[in-house]
Amino acid sequence: MTNAGRLKNKTAIVGMDIGGTKMMAAVFDQKFHKIGVCRKKSRSKNGGETEMRVIKVIREAIENAGNPPIAGIGVGSPGPLDPATGVIIDTPNLGWKNFPLAHLLRETFKTPVVVDNDVNVGTYGEWRCTALRSKKHVLGVFPGTGIGGGIIIDGKILHGFSGAAGEVGHITIMPDGPFCGCGKRGCLEALASRVAIAKEVAALAAREDAPYILEHCGTDVNAIRSGVLARAIEAGETMVEEVVRKAAYYIGIGVGNLINVLSPEVVVLGGGLVEAMETLVLEEVEKAVAEHAMPFLRKNVRIAAAQLGDDAVVMGAAKLISERIDEGGAKK
């Protein structure tokens, strides 16, 4: 029996989103309707292996869907990873190093599995499951705790020679800028991630230049989330707004550089920062793109906010495995 035939004879596929703090599995029927979901924290308070929690979340989602036969499982996971083998090379937050995730899931569920970087998969979901599906060249940029990117060229995820293409957060924007978690200086992530913004805003609070932040978060960087930043700006804290706008402009510089290199049709901006302050972020990104991308290359490029929210990765993963099965390229 062919892989394409197998998909037609099965009733459901699973999309899995593995994050550093939470994980979610969703089960979809043949018409791509969500019929079962399970969410859990990535790590248990009682400890235990993260991979066992992945299996438990998938099983509970399948149970919630009524235990349909499963045609395949698609997974979006933090990297770096090898998308060809489904091996997680190194994910410190989850304690994985050279971990064969795809093999484990194939052996456990006896079904084809595909594993790819979570931001690649989220970008794929935004492309395949929204009005952008008619496009062929899409760039996804997702600022959050870090800044991730996904690149689709000619309708395919760009993995590059290493398999890990798309690390847009580590484009150098300011060579003598602040240190980044990767060890370099002046990366986009070090200047414009939610953590970078929170550090600068915490300093404002410490100087009593951001009273809303001081009242609600003190100077705790971890408490200064995107929603709090948005509410502080709504409360009239202009210095907080300046910090966020500067960060969004840096993101726009990065996007402009990527437009010059990749010439996408659409740039999708997602993540908590964009969800909380969509208009502000898009304004600054569009301004920076106009100033830093070449006119011919930026002409007619659409810059849009992501539409799927927390469902982007699970929907992208489910689409990815279903299409891989149809093409006969999924391993069992």
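Across the stretch 223-230, rounded Karplus estimates of 3J(HN,Hα) from the backbone phi angles (6.51 cos²θ - 1.76 cosθ + 1.60, θ = phi - 60°) give 7, 8, 8, 4, x, 5, 4, 4 Hz, Gly and Pro being marked x. Here the chain was treated as a single set of alpha-carbon atoms; its pair distances binned every 10 Å from 0 give 6, 25, 32, 24, 11, 2, 0 percent.
Close amide H pairs (under 5 Å, H built 1.01 Å from N) link Gly144 with Arg194, residues at least 5 positions away or on another chain.
Counting other Cβ atoms within 10 Å of each Cβ, which trypsin sites (Lys or Arg not before Pro) in the stretch 157-210 have at most 14 and sit in a DSSP loop?
Qualifying residues, ordered by number: Lys184, Arg207.
For Met277, nonlocal amide neighbours, meaning residues 5 or more places apart or on other chains whose placed amide H falls under 5 Å from its own, do not occur. Go through Ala223, Val27, Ile325 and say which Cα lies farthest out towards the positive end of the charge dipole of the chain; charges sit on Cβ, +1 for Lys and Arg, -1 for Asp and Glu. Checked the options; the winner is Ile325. Phi angles across the stretch 249-261 convert, under the Karplus curve 6.51 cos²θ - 1.76 cosθ + 1.60 with θ = phi - 60°, into 3J(HN,Hα) values of 5, 4, 4, x, 4, x, 4, x, 4, 5, 4, 4, 8 Hz, Gly and Pro given as x. Sites listed here are trypsin sites (Lys or Arg not before Pro) in the stretch 76-125 whose DSSP assignment is loop and whose Cβ has at most 14 other Cβ atoms within 10 Å: Lys110. May I have the count of lysine pairs in the stretch 133-306 with C-alpha atoms under 16 Å apart, counting pairs 8 or more residues apart or located on different chains? Close lysine pairs found across the stretch 133-306: 6.
Taking amide hydrogens as placed 1.01 Å from N in the peptide plane, the amide H of Asn117 sits under 5 Å from those of Ser77, each at least 5 positions away in sequence or on another chain. Restricting the stretch 233-332 to GluC sites (Glu not before Pro) that sit in a DSSP loop and have at most 13 other Cβ atoms within 10 Å of their own Cβ leaves Glu327. Note on the chain: with a GNM built from Cα contacts shorter than 10 Å, the maximum mean-square fluctuation among His216, His170, His103 falls on His216.
Comparing mean-square fluctuations of Leu214, Leu139, Leu282 from a GNM of the chain with C-alpha springs under 10 Å, the top value falls on Leu214. Taking the charge dipole of the chain about its Cα centre, with +1 at Lys and Arg Cβ atoms and -1 at Asp and Glu Cβ atoms, the residue from His170, Cys180, Val121 reaching farthest to the positive side is Val121. Charge dipole (Cα centre; +1 on Lys/Arg Cβ, -1 on Asp/Glu Cβ; no other charges) of the chain amounts to roughly 1360 debye. If both residues of a DSSP beta bridge must be in the stretch 133-306, then about 55% of such bridges are antiparallel.
Could you tell me what percent of the DSSP beta bridges with both partners in the chain are antiparallel, to the nearest 5?
60
Throughout, read-outs are computed from the coordinates displayed, never taken from laboratory work. Since the model is a prediction, treat every value here as computed from it, not as a measurement. Because the Cβ atoms are built from the backbone with ideal geometry, glycine has one as well, and the counts that use them run over all protein chains shown.
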